Amino acid sequence: MDEGGVWDLRLELSGLLADKPADVTIDLSDLDMIDGAGVGVLVAFCRRLRFRGGRVKVVGLHSQSLTAFLQLAPEEVASLEDSATLS
């Protein structure tokens, strides 16, 4: 995910928050690589939704993406299910 992808992701997730969902599943199976900025956007979204009483499930993480999550946001990785779950 490059800078443009991070910006697009941030906009899309902001739109989701406006809809006030209870639970969100994010499928990243088409994503080959994610950097710290992408992880940061996802972690911020997870925290905001959790603050509102919702939950986020991230699935389809490949090994590089999962490694990035574990290195950059280990406190957000509650359990692994399929590829990964953030709650």
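General remarks:
- Applying 0.36 nm per residue to the separation of VAL59 and LEU17 and subtracting their alpha-carbon distance, the gain on full extension is 13.2 nm.
- Added length on full extension, which subtracts the Cα-Cα distance from 0.36 nm per residue, SER29 to ARG48: 4.5 nm
- Relative packing of 14-23, 35-44, which averages over residues the other C-beta atoms within 10 Å, highest first: 35-44, 14-23
- Less than 5 angstrom separates the built amide H of ASP27 from those of VAL59, all sequence-distant by 5 or more or on a different chain.
Just so you know, all these numbers are worked out from the coordinates, no wet-lab data involved. No experiment lies behind these values; they were computed from the predicted model shown. In this analysis, Cβ positions are derived from the backbone assuming ideal geometry, glycine residues included, and neighbour counts consider all displayed protein chains.
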